[in-house]
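Here's the structure, in structure tokens; my notes come after.
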Amino acid sequence: MSRLRTTAAAAALLLALPLSVVAASPALAAPTAPDTAASAAPSATPSATTAPASALVELPRPTGPFAVGQEILHLVDNDRPDPWVPSSGPRQLMVSMYYPAHAGTGTPAPYMTPGAARALLDVKVPGNHIPTEAVTGTRTWSETGARPFGGHYPLVVLSPGFTAPRTEISSLAEELTSHGYVVALVDHTYENTGTTFPDGRTLPCVVCGTFRTEEAWKALDASRATDVSFVVDQLTDRPHPAWQYARLIDRDRIGMAGHSAGGAAIVPALLNDDRIQAGVNLDGTFDYRVPDTGIGGKPVLMISHGQKDGSEDDSWKDGWTKLDGWKRWLIFDGANHGSFTDLPLFMEKLGLPQGPDTTMTARRGVDLTRQYVVAFFDQQLKGVDQPLLDGPSAADPEVRFHS
């Protein structure tokens, strides 16, 4: 288990590209198209950009029976000033809503905005010549404006790693949705490389590189939990929810999952919001510690990457003993901190190494993450027994169960 919060290993995946690699690749060295020309890949055909389709990342196809609709929400918390830039006014969040939909009734959803993609590349690879569409042209399986598939579905709120845009866990969001969940994927403003708002502004990461103490990280976790509770408020408010398809949400079945700092935030979220019933931490250090009294018996799934020397994060060892409900701690051998996200898909596409101890392929990391997270929420929010979570499986030799 690593204390990394998408700062060194995970951020390096797509983002630490040497210019020599860019110059050597005709697809990546192509002139940048105007932002207005950048588009996401269609849900059934390759993306139309200035770079050839072979140079673009394709997210793994969701495995569930539902097609995936997507809508973007801009939420404003008028009761809370922004915690990082109070002078900016109330806290504002951009949220990608995913919902079960009828296939072919919408238009292809982009992976991320050109402004956010450009900010991502400019911050992580200063002076780069990587075209924006190398990111925005990523093929997704979501459709904007798709007609909802009627029913009531559990809600899962997803929180990405620190410095990372919300799109880093798009594959997980699409997979959950395809299995009958509504998913709210949250950008925590000023905590990632860039968040694009409806007025066209892309706000930068103000707090990147500023946290030095455990107390500072604890405050970040608590702030994220507050963001998540506000999103739940907005989606479940009666009679005027902030989302036009809020009727799809079963307000009695709500969970949260996150990667890195987003995973760490499940502790304050589970402690402080009775509506959030279950949580998944994907490789995030518990700077907001599990209290001695537990978290009210709520179920928790913890997934970490294996380390060559077998060392463990002290916050996980401490938290594990204090969790007082159903719990599992899984270790993905051969994975790294970013293996739970989409980022290694970009690295493999570019032919870049993932680290000396990484043996798990990008696709395998995404597939295992999706499989076990869906199984957890199926069991905890839908009441469907999942033998996959009972112990080691011969089909998944990379997955160890901590005891």
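With the cut-off at 26 Å, report for the chain the share of all Cα pairs above it, as a whole percent.
49 percent
When the Debye formula is applied to the Cα atoms of the stretch 179-276, each taken as the same point scatterer, what base-10 log of I(q)/I(0) results at q = 0.13, 0.25 Å⁻¹?
Results for the stretch 179-276 at q = 0.13, 0.25 Å⁻¹ read -0.53, -1.36.
Rank-order 384-397, 222-235, 332-345 by packing density, defined as the average count of other C-beta atoms within 10 Å over each peptide's residues, highest first.
Details: 384-397: 11.6, 222-235: 21.9, 332-345: 26.5.
Ranking the peptides 384-397, 222-235, 332-345 by packing returns 332-345, 222-235, 384-397.
Share of antiparallel DSSP beta bridges in the chain, in percent to the nearest 5?
Values: 25 of 57 bridges.
About 45 percent, rounded to the nearest 5.
Grab the other residues whose beta carbon is less than 11 angstrom from that of H102, score K and R as +1, D and E as -1, and report the net.
Summing Lys/Arg as +1 and Asp/Glu as -1 gives 0.
Can you give the percent of C-alpha pairs in the stretch 48-184 whose distance is more than 26 Å? Before the final figure, lay out each step's value.
Numbers: 2877 of 9316 pairs.
So the pairs more than 26 Å apart make up 31 percent of the total in the stretch 48-184.
What number of lysine-lysine pairs in the chain show an alpha-carbon separation below 26 angstrom, given a sequence spacing of 8 or more or placement on distinct chains?
Lysine pairs, 8 or more places apart or on different chains, close enough: 16.
Please report the projected area of the stretch 231-387's Cα convex hull averaged over all directions, in nm².
Dividing the Cα hull surface by four gives the mean projection, 10.8 nm².
What span do the alpha-carbon atoms of the stretch 312-371 cover on each of the three principal axes, reported in whole Å from largest to smallest?
43, 24, 15
At 222 nm, what value in deg cm²/dmol follows for the chain if DSSP H runs of at least 4 each add -39500 (n - 2.57) and the sum is divided by all its residues, to the nearest 500?
-7500 deg cm²/dmol
What's the center-to-center distance, using Cα atoms, between the stretch 82-147 and the stretch 224-247 in Å?
Cα centroid of the stretch 82-147 versus Cα centroid of the stretch 224-247: 20 Å apart.
Taken together, the values in this text are just the output of simple stated rules run on the coordinates, not laboratory data. Please read these numbers as outputs of a predicted model, since none were measured by experiment. As a convention, Cβ positions derive from the backbone with ideal geometry for all residues, glycine included, and neighbour counts pool all protein chains shown.
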